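Notes to accompany the following structure.
The values are calculated or read from the model by the stated rules, or taken from the named source; none is laboratory data. These numbers come from a predicted model, not from an experiment. Don't worry about glycine lacking a Cβ; one is built from the backbone with ideal geometry, like all the others, and counts go over all protein chains shown. The protein model used for the area step is the full one, side chains on, heavy atoms only, and it has no ligands, DNA or RNA in it. Shrake-Rupley method; radii C 1.70, N 1.55, O 1.52, S 1.80 Å.
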Amino acid sequence: MTRVIGGRFRGQPLTAPAGGQTRPTSDRVRESFFSALVSWLGSADRPGDEALAGASFLDLYAGSGACGIEAASRGADRVQLVEQDPRVMAVARRNTARLGLQLTLTQARVAAVVGRPAPGPYQVVWLDPPYGLAEAALGEVLDLVVRQRWLAPDGLLVVERSSRSPAPQLPPGIARHWSRRYGESTIHYATRAPSQEDSES
């Protein structure tokens, strides 16, 4: 059973979609990612439920909502979940409602959502697409995330992929990227390069 790993709701169980509709991020990978995120934010000395205070978190291909809920549990101020499958989104809604969380839940195709200009950028954009998603399709989504300014100028773009898959095709405007492998899963990280538009906004 999947559980919240840290923060205010640590240990709370989360329902997973039935029948293998999704491939949830393992607890080990989720714990490693959030540890890396807290380190990147420089907030390791804060209490667990305040580690992401002030941060915003966009969870694309959200599934049961475990990663977005984890971010909220650790204090993220603004969290949005995007999931295409209505049955899977219903599970995410139940998980968030049971914990009393007020998150933004969007049931739609990820490409359609990020294809529109962002209403406001996110400091962390997390993508956990199906491992079977074509590399070109994922590359298009990543390009839209950056081009439509869903990722804040000082934000972190994070993608979970199979360790057997090639590294994601990162869009123009990425300044730095690195990865960490956890068995069958690899987490890819990237940050934006400063742009003229950012300095003028």
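Close contacts from the stretch 132-160, counting a first residue that is on the phi < 0 side of the Ramachandran plot and a second that is in a loop (DSSP other than H, G, I, E, B) and of a type in the set (A, V, I, L, M, F, W, C), with Cβ to Cβ under 6 Å and a gap of 6+ residues or different chains, come to 148/118; 150/118. Exactly one residue out of 98, 74, 116 is over 20 Å from residue 144 (Cα atoms) and surrounded by fewer than 21 Cβ atoms within 10 Å (Cβ to Cβ): that is 98.
Within the stretch 22-53, restricting attention to residues that are touching a residue at least 40 places away in the same chain (Cβ under 8 Å) and among the small types (Gly, Ala, Ser), which residue is farthest from residue 179 (Cα to Cα)? This residue is 48.
Can residue 10 be described as surrounded by fewer than 18 Cβ atoms within 10 Å (Cβ to Cβ) and under 13 Å from the mean Cα position of the chain (by Cα)? Answer is no for this residue.
When every residue of the stretch 179-200 is checked against the conditions, none turns out to be under 24 Å from residue 28 (Cβ atoms), crowded, with 18+ Cβ neighbours inside 10 Å and out of contact with any Lys or Arg (no Cβ under 8 Å at 6 or more places or on another chain). Those strands (runs of 3 or more DSSP E) of the stretch 101-171 in which 2 or more residues are farther than 21 Å from residue 70 by Cβ occupy 151-162. Screening 91, 82, 125 for residues that are of a type outside the set (D, E, K, R), more than 16 Å from the chain's Cα centre (by Cα) and open to solvent by less than 20 Å² (accessible area, probe 1.4 Å) leaves exactly one candidate, 91. Of all residues in the stretch 71-90, those being of a type outside the set (Gly, Ala, Ser), within 26 Å of residue 141 (Cα to Cα) and in contact with an Asp or Glu (Cβ under 9 Å, 6 or more places away or on another chain) number 6. Number of residues in the stretch 42-80 that are acidic (Asp, Glu) and either within 27 Å of residue 114 (Cα to Cα) or not in a helix (DSSP H, G or I) (or both): the value is 4. For the stretch 37-57, name all the residues that are surrounded by fewer than 16 Cβ atoms within 10 Å (Cβ to Cβ) and among the hydrophobic types (A, V, I, L, M, F, W, C). 40, 44, 53, listed by residue number.
Of all the residues in the stretch 13-41, those that are of a type in the set (Lys, Arg) and assigned to a loop (DSSP other than H, G, I, E, B) number 1.
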